Amino acid sequence: MSLSGIEFKLSKVSDIWDQLMPLIRSHFLEVSYHTDWELDVDKKRYEMLDQAGNYKLFTVWHEGNLVGYAGYFINRHTHVNILQAYQDLIYLRPDYRKLNLGAQLIEFADSLFKNLGVSSVFCAVTEKIDYSKTLTPMGYKLVDRLYARRL
């Protein structure tokens, strides 16, 4: 696959729902531990957070088609006076993986975060898709393990 025609953008969720939802659905089916739950994206909440500056969606486009995204919640840390970004989701279509686009997308996001004054970025790696080998050479460190329990 040729990498010409690749573009990275900071997108408004409200502008791209039609292109975004098929990827979100594929992402959910691929990584969800609760496959019996129905996907029900709270679009209004995402739009509200985006408008308030508390959500950033970075996207990858190939020849005008959305092929991946990385979304982050932005907030002030409650214990120290810093701005931080928490990854909400990251996804590349399977046919676009292993082309270094994931690392480029993360670098693109990080460069914009620096301009926004973000001091730290947190990324979650699932057991189903472990991309820690992409993160560690970029300077990310393992700082926590996240456990979940279904009630």
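Some points to look at:
- Test: residue in region 123-133 that is assigned to a strand (DSSP E or B), within 15 Å of the chain's Cα centre (by Cα) and under 24 Å from Ser32 (Cβ atoms): no
- Residue among Lys128, Lys133 that is modelled with pLDDT under 95 and in contact with a helix residue (DSSP H, G or I) (Cβ under 6 Å, 6 or more places away or on another chain): Lys128
- Qualifying residue in region 63-74 (condition: in a loop (DSSP other than H, G, I, E, B) and either of a type in the set (D, E, K, R) or open to solvent by less than 30 Å² (accessible area, probe 1.4 Å) (or both)): yes
- Total residues in region 2-56, condition open to solvent by 70 Å² or more (accessible area, probe 1.4 Å), outside any helix (DSSP H, G or I) and touching a residue at least 40 places away in the same chain (Cβ under 8 Å): 6
- Considering residues of region 80-115 that are part of a strand (DSSP E or B) and open to solvent by 40 Å² or more (accessible area, probe 1.4 Å) only, the residue nearest to His27 (Cα to Cα): Asp88
- Boolean, Leu146 is modelled with pLDDT of 95 or more, within 27 Å of Met21 (Cβ to Cβ) and either open to solvent by 80 Å² or more (accessible area, probe 1.4 Å) or not charged (D, E, K, R) (or both): no
The values are calculated or read from the model by the stated rules, or taken from the named source; none is laboratory data. Just so it is clear, the structure is predicted and the values come from calculations on it, not from any experiment. Because the Cβ atoms are built from the backbone with ideal geometry, glycine has one as well, and the counts that use them run over all protein chains shown. What goes into the accessible areas is simple: the full protein's heavy atoms, side chains included, and nothing from ligands, DNA or RNA. Shrake-Rupley method; radii C 1.70, N 1.55, O 1.52, S 1.80 Å.
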